[in-house]
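Asks: The structure follows.
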Amino acid sequence: MPDIDTSPRARMPRWVWKAVLIFWVGWLIAVRVDTVVERLYGLGTLLVVSMFLALAIEPGVNRLARRGWRRGTATAVFVLGVIVGFVVFVGAIAALVGQQIADLLQNSEDYVTRFVNFANDTFGTNIDASNVIAEIQDPNGAVQRFIRGQSGRVVDVSVAALGILLQALSVALFTFYLVADGPKLRRALCSRLTPERQQQVLQTWDIAIDKTGGYLYSRALLAGLSAFSHWVVLQALGTKAPVALALWVGVVSQFLPVVGTYLAGALPVLIALIDSPGKGIAVLIFVVVYQQIENYLFVPRVTARTMDLHPAVAFGAALGGAALMGPVGAVLAIPGAAMAQALLSDVGERHEVIESDLVKIAPRRSRRDRKSEPPSSPPGSNGNP
């Protein structure tokens, strides 16, 4: 049997124990840091939203301050305006949804009969409305089971609404201090920097204010156009609550990127469809047509003056922001991308672009120029009569 070497040279090196100790200490620190970051994630989101609102309303506050207003008073006016607008919007939509649910439950037989008759007359089906009504009113049916299942979530919805209210008040408070004490904050920051760095920081801050304010202005203008257009159509069709529905379409379609257009159009189509299938189809057609008009007529003209951002960049930024921070990140990612684009536009040396068909941009032609052009000759002809 071979002898085991027990000499000091065969023992485990000392650095192994140090490596094991460092590994476990690092693992414990990483777990602790991850826990802290997870708990502070909500606070970080509130601060980001507050910074966005502060950059958006600061131009208006500065304008009032130059006219002799106290900065705190001017900031309070803008913050209260945002809060009142938010409360009015949420209250109008909540009242609309509650009214429609109550009306649907009270007159469910009438709505089902009308919808079934429309389906039978339009698509040639042979559905018995009485059987559908009996299935809906069956205590053991899927519809009644779903309604009973939702009744237990009232407390959860109330708690969630209270949490959202507290978060909104926290955002308003952060925004107020960021704007009211904005000059003091920037002065304290610049006092730690050299004059050259101060110039860069203030220039970056000014670009952030300009791009964020431009984003808010363009979205508000497009939301107003959308709300007014949809209100006219909904009012003409006799749809219930046309003002609330128009506000919903205008705000959601403009301030919620990517999916906002579909969510905005779904509610008025559903409300109109419950009232009358024909009205629902008419509203759906108008929503689709208006989106095309907005994309090709309104958006290029409004964003050209406020936020020069390529559509592909805006779409990618919205997707990235949504992946990182959800709907809030999707909304804030677009002005962030515009700020990054503006800052990077001054980086590096620019050169004159060579002539090539791959980089040729056709100039925009006015309607008058197109009318004054002679008609083109048919293909294959030499232009001779």
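Asks: From the list Asp210, Asp206, which residue is charged (D, E, K, R) and either in contact with a Gly (Cβ under 9 Å, 6 or more places away or on another chain) or modelled with pLDDT under 85 (or both)? Walk me through it before giving the result.
Replies: Numbers: Asp206 fails: either in contact with a Gly (Cβ under 9 Å, 6 or more places away or on another chain) or modelled with pLDDT under 85 (or both).
The unique qualifying residue is Asp210.
Asks: If you don't mind, there's one more thing I want to ask. Considering only region 236-259, state which residues are touching a helix residue (DSSP H, G or I) at 6+ places or on another chain (Cβ under 7 Å) and in a loop (DSSP other than H, G, I, E, B). Reasoning before the result, please.
Replies: Step one: filter region 236-259 for residues touching a helix residue (DSSP H, G or I) at 6+ places or on another chain (Cβ under 7 Å), giving 237, 239-258.
Selection gives Thr239, Lys240, Ala241, Leu256, Pro257, Val258.
Asks: Filter region 115-150 for residues that are more than 17 Å from Leu273 (Cβ to Cβ), part of a helix (DSSP H, G or I) and more than 37 Å from the chain's Cα centre (by Cα) and give the result.
Replies: Ser130, Asn131, Ile133, Ala134, Glu135, Gln137
Asks: Across region 222-246, what is the total count of residues that are buried (at least 22 other Cβ atoms within 10 Å of the Cβ) and either under 16 Å from Asn295 (Cβ atoms) or touching a residue at least 60 places away in the same chain (Cβ under 8 Å) (or both)?
Replies: 4
Asks: Taking the condition crowded, with 17+ Cβ neighbours inside 10 Å and under 26 Å from Gly60 (Cα atoms), does Thr212 pass? I'd like the intermediate steps shown before the answer.
Replies: Values: crowded, with 17+ Cβ neighbours inside 10 Å: yes; under 26 Å from Gly60 (Cα atoms): yes.
Answer is yes for this residue.
Asks: Can you tell me which residue among Val116, Val112, Val87, Val82 is of a type in the set (A, V, I, L, M), farther than 19 Å from Leu185 by Cβ, free of Cβ contacts under 8 Å to residues at least 24 places away in the same chain and crowded, with 16+ Cβ neighbours inside 10 Å?
Replies: Details: Val112 fails: free of Cβ contacts under 8 Å to residues at least 24 places away in the same chain; Val87 fails: crowded, with 16+ Cβ neighbours inside 10 Å; Val82 fails: free of Cβ contacts under 8 Å to residues at least 24 places away in the same chain.
Criteria check complete, one pass: Val116.
The values are calculated or read from the model by the stated rules, or taken from the named source; none is laboratory data. All values reported here derive from a predicted model rather than from experimental measurement. All Cβ positions, glycine included, derive from the backbone under ideal geometry; neighbour counts span all protein chains shown.
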